[in-house]
Every structure is written in C-alpha cells, then in structure tokens.
Amino acid sequence: MIAIGITVALTELLGSFGLSGGLLSVITYTILAAGTFGLLSVLALFLVWWERKVAGHMQQRFGPMRNGWHGWYQTLMDGLKLLQKEDILVATRDKVVFFWAPVMCCIAAFAAYIVIPFGDGLIVADLNIGVLYIMAITTFTVIALLMAGWGSNNKYALLGGMRSAAQVVSYEVPMVASILVVVLYAGSLSTVDIVNSQSGNFLNWNIFRLPFGPIAFITFLIAAVAEANRTPFDLAEAEQELVAGFNIEYSGMKFAMFFLAEFINLFTVSAITVILFLGGWHGFAFIPTFVWFFMKTFAIVFLLIMVRWTYPRMRVDQLMEFAWKVLVPITFLNIIVAAIFKHFGWYWEL
Amino acid sequence: MEFFDKIIELIVAAPGIIFTELSTRPVFWLLSMMMLVSGFLVVTLKNIFHSAIYLILCLFSVAGLFILLQAEFLAAAQVLIYVGAVAILMIFAIMLSTNVSGNKRMTTQNGLPVSIISAVFALGTISFIIMTKLNVVIKNPEGVITKGLWIGSKGELPLDNIMLIGKYIMTEYMLPFEVVSVLLLASMIGAIALARKERS
C-alpha cells in the first residue's frame with residue numbers, strides 16, 4: 001500500500017498534533033473514510049434525483065417538481081420519509097441474514113472507493129492490486145443480494161437473488177477480460193498507474209487506442225451495467241415478474257440502504273470506466289483535476305441513465321447467451337489483438 | 001517435549017516475527033480470531049445456509065491475513081475466486097436443493113474416528129512443515145536476526161510482487177501453470193458434458 005497525496009497530507013497534519021504510530025494511521029483512515037462516506041451519500045441523493053428527472057423527461061413528463069426548484073430536494077424528503085417508516089419484519093424471516101444483507105450491500109458499495117482516485121492525489125490508498133481489488137470487493141454485493149433473497153423467505157426475493165448471482169458471475173468474465181486490455185497497456189493493476197499511463201494528449205486515453213480500445217470500452221460498459229443490475233440487465237428486480245425482486249420484503253431504512261448502494265454502484269462503475277478508458281483525472285491544465293474526473297464520470301452516469309430508460313429488459317436465457325456466446329469470445333479475441341499490437345509496438349504515445 | 005515447546009513458542013512469537021510493525025499485530029489477532037470462530041461455526045451450525053455465509057467470512061479473513069503478509073495479489077485472488085465464485089455457487093446449490101431451510105443437516109456419517117484421524121494427519125503435516133523450516137534465519141530491515149517460519153519472510157517484500165508472480169508463472173513455473181489450466185478446462189468440459197447428458 002502506497003499512501004499518496006491527501007493521505008500523506010492528512011498524516012502529516014495529524015502528526016504535527018503529536019500523534020504517531022498505529023493510532024495515527026487509524027485516525028487518518030477514519031477521517032478519510034468518513035469524508036468519502038459523506039461525499040458519496042450526497043452524491044447518491046443527487047443521482048437519485050437526476051435519474052428521476054432524466055427518466056421523466058425521456059417519458060414526456062417532468063419528474064419531481066414540488067420540493068424546491070425542479071424538485072431538487074425531493075430525494076432528501078424521500079430519505080426522511082423512509083426514516084420515519086415502520087420497519088416491517090416478516091415473521092418467517094431468517095433474522096441474522098435478513099438484518100445483515102443491506103449492511104453488507106452498503107459495505108461492498110463503499111469499500112470500492114479506497115482505490116478510486118477522484119483527482120491527482122485524491123485517493124485514500126494506492127493499492128498495487130487496485131482494479132483487482134475493486135473486482136474482488138464488489139462480489140460482496142452479490143452475496144448481499146443472495147442473503148437478502150434467502151433471508152426474506154419469499155419466493156420472489158429468492159428468485160431475484162439467484163438471478164442476480166447467475167448474472168454477475170457470468171458478466172464478471174467479460175468485465176475482467178476487458179480490464180485486462182487496459183492492464184496490458186498500463187503494465188500495472190494500480191488505478192493511479194493506469195490513469196498516469198493515459199496522461200498527456202487525450203489521444204492517449206485507452207478508448208482511443210484503435211482498434212481494440214473502443215471494443216474493450218463497449219464490452220466493459222455492457223458488463224458494468226450488468227454488474228450494477230440496471231436495465232436492460234435488471235432481472236434481479238424485474239418488477240413485472242418478481243414484484244420487486246430481492247428487496248421485496250424490505251422497508252424503511254433497510255430498503256433505503258439497498259437503494260443507496262444501488263446508486264453508489266452506478267457511480268462506481270462510471271468512475272471505473274473513466275479511470276480505465278477516459279484518462280481519469282487528466283484534462284486541460286487550467287481546470288482542477290477533480291473537476292475533470294467528476295465531469296467525465298457524470299457524462300458516463302448520464303449515458304447509463306439514458307440506456308436504462310431506453311432499452312427493454314432482456315430475458316434470462318438471452319442474458320446468459322449474450323454473456324457467454326457474444327461478449328466472452330469478443331473480449332478474449334480483443335485481448336489477443338491488443339497483445340499483438342503491444343508486442344509489435346503499433347500504438348502511439350503522444 | 002522440546003517439539004511442543006518450540007511449537008508454542010513459535011505460535012506466540014509468530015505475529016512478532018512476521019509483522020515488524022506494531023500496529024498490524026491487533027489486526028492479525030482480530031483476523032485470526034475471525035477466521036477460527038467462523039471456521040468453527042461453519043462445521044457446527046445446523047443451518048447449512050448460515051454455514052455458507054460463515055465460510056465466506058472465514059475465507060475473507062484468510063484474504064486479510066494474506067494482505068498482512070504483503071501478498072495482495074493472493075488476497076484479491078482469494079476473494080475473487082473463493083468468495084466471488086466458489087462460495088456463490090455453493091449458495092446457489094444450497095438454494096436449489098430441496099431441503100433449503102432444513103434443520104436436519106445431511107452429513108456423510110464419517111463419525112468421530114475418521115475426523116480425529118484426519119485432524120491429526122493435517123496437524124502433523126503442518127507441524128512437520130513448520131519444524132523443517134524452523135531453522136531458517138531471517139534478517140529484518142533493522143538487521144535483527146531471528147528464527148523464521150519460512151524462507152519467503154525476509155522482511156519487506158518487493159512492492160511489485162504482482163509483476164514477479166506474472167514473470168514466474170510465464171517462465172519458471174510455466175509447466176505447472178499450463179497443467180492446472182488444462183485440468184480446469186477438462187473439469188469444466190466434463191461438468192458441461194454431465195449436465196447435457198441429463199437433459200437428453
């Protein structure tokens with residue numbers, strides 16, 4: 001683990017107060033975790049509102065309009081409402097599993113942000129396994145969904161949980177295969193190294209590395225949508241078939257936690273896309289790096305929101321066929337092509 | 001008796017030998033306790049789904065120990081493969097089985113003698129490995145020489161050990177790597193063949 005930027009600055013600041021050793025690192029990382037948590041919570045509130053506005057306008061309606069200008073604090077009111085709601089508990093639930101499922105979902109969603117650089121040096125810890133760590137920690141979302149499905153003791157919830165597990169396990173393969181193309185060119189798994197390998201001219205971004213870059217970008221984005229359980233891959237909560245899917249028995253704050261995790265996952269996959277393919281925080285010099293990062297990430301979020309409200313849901317068999325018969329061969333061929341181009345040096349460094 | 005004294009001495013001193021930094025010691029004990037308790041619960045709990053969840057916790061604690069040993073890649077692979085794939089497939093199988101929430105646990109009825117024999121055998125193997133590697137001398141970054149557990153723990157590992165893993169897999173350990181790949185492929189094809197046979 002290499003501490004850089006904000007972590008080092010905070011450690012030095014706290015060190016000047018006379019702290020040292022294990023206590024210092026514990027306090028430093030607690031502050032960083034709290035800061036990241038606050039930022040992401042506000043971000044999730046914004047994303048919920050944004051998604052509802054975009055969905056509304058795409059469907060020839062306004063979306064939330066009542067609370068504030070164009071309903072800007074609608075999500076806040078929804079959150080307050082969910083806080084006051086009765087926490088309905090099914091009598092036949094599996095008590096422990098039912099309680100821990102939303103907690104685990106949230107932990108998995110937040111834990112990925114340890115290695116996401118919001119800007120130059122704005123990263124909690126630059127792990128040398130960076131991207132692999134994100135892939136590993138996000139699998140806990142699946143376990144949380146399975147726990148929710150099983151703990152609810154409801155057939156719809158169980159079906160939703162199982163669908164999501166099958167889906168995520170399948171789509172992880174093309175996702176990792178797409179990431180490998182980027183790792184091949186960066187020569188590192190660390191997110192900071194990957195971003196730095198795309199510095200300089202914007203033609204150095206991995207998406208512009210013809211011909212394999214755009215293909216990897218598209219396959220990664222498709223797999224990412226599937227990992228985030230969003231339409232056209234939202235079979236885990238297919239409303240028309242499963243009522244609400246895995247979260248059917250959840251109410252009040254437990255439901256809100258699933259909801260929060262879902263929107264944080266949306267931001268996570270967009271951020272990873274930006275880090276891997278769109279040059280991360282790099283841009284023109286006079287705009288701060290974190291502004292660039294957020295601009296790019298919000299562009300991808302906007303794209304994913306539009307995808308969600310444009311395409312219909314796939315069937316389960318179509319979903320599996322698409323993963324194993326279309327995405328996996330394409331991504332594997334793409335790796336081979338990328339490796340050949342790398343070997344013969346057929347790429348540019350501007 | 002000297003053997004047991006050495007073992008106990010090693011167990012007590014192990015965290016100190018492996019982790020020179022003081023702050024990692026409580027983390028080591030926490031992770032070890034988590035691993036042992038959850039591992040114990042896996043084999044004792046009546047509800048098989050709970051066992052699977054605790055197995056995930058156990059495997060996750062092992063990944064944490066790998067991180068303490070500066071084997072980050074191994075930790076990520078552990079979580080990705082065991083938690084992300086194996087455990088999920090196990091839960092999947094549990095959910096699909098008929099006796100889902102059954103309090104009646106199906107075992108292979110091996111009984112106590114077999115369990116004791118296997119436990120003694122496993123412990124003996126591990127003790128043998130520890131004993132044969134006991135006299136390895138480790139030099140800490142500060143120059144302090146201690147008796148070590150294994151050859152690899154020579155203080156700090158290089159930070160780019162992922163690159164080294166990749167290099168060794170592709171050069172020195174090419175053959176085992178390929179053999180494992182072929183074996184996995186064969187078992188995968190076998191599983192598919194078995195599943196298809198049932199349908200027709």
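Every number here is computed from the coordinates shown, using simple stated rules; none is lab data. These figures come from a predicted structure and were not determined experimentally. Counting neighbours? That spans all protein chains shown, and the Cβs are built from the backbone with ideal geometry, glycine included.
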Exercise for the section: Name the residue, out of A:Ser178, A:Ser199, that is in contact (Cβ under 8 Å) with a residue 60 or more places away in the chain, of a type in the set (S, T, N, Q) and farther than 14 Å from A:Ala323 by Cβ. Expected result: A:Ser199
Handout entry: Counted residues, the range A:113-165 - those being at the interface with chain B (Cβ under 8 Å from one of its Cβ atoms) and not small (Gly, Ala, Ser)
Key = 17
Fill in the blank from the handout: Among the residues of the range A:166-220, the number that are farther than 21 Å from A:Ala136 by Cα and either within 14 Å of chain B (Cβ to nearest Cβ) or of a type in the set (Lys, Arg) (or both) is 1
Exercise for the section: Would you mind stating whether A:Tyr311 is closer than 28 Å to A:Val192 by Cβ, assigned to a loop (DSSP other than H, G, I, E, B) and either touching a strand residue (DSSP E or B) at 6+ places or on another chain (Cβ under 9 Å) or among the aromatic types (Phe, Trp, Tyr) (or both)? Expected result: no
Fill in the blank from the handout: Taking the range A:306-320 and keeping only residues that are among the basic types (Lys, Arg) and touching a Phe, Trp or Tyr at 6+ places or on another chain (Cβ under 9 Å), one is left with A:Arg313
Exercise for the section: Might you let me know whether the range A:51-73 holds any residue that is without any contact (Cβ under 8 Å) to a residue 40 or more places away in the chain, at positive phi, part of a helix (DSSP H, G or I) and not aromatic (Phe, Trp, Tyr)? Expected result: yes
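For (1) touching a residue at least 24 places away in the same chain (Cβ under 8 Å); (2) touching a Cys at 6+ places or on another chain (Cβ under 9 Å); (3) among the aliphatic types (A, V, I, L, M), each residue gets a yes or a no:
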position: A:Phe259; (1), (2), (3): yes, no, no
position: A:Ile264; (1), (2), (3): yes, yes, yes
position: A:Phe302; (1), (2), (3): yes, no, no
position: A:Arg308; (1), (2), (3): yes, no, no
position: A:Pro312; (1), (2), (3): yes, no, no
position: A:Glu321; (1), (2), (3): no, no, no
position: A:Leu327; (1), (2), (3): yes, no, yes
position: A:Gly345; (1), (2), (3): no, no, no
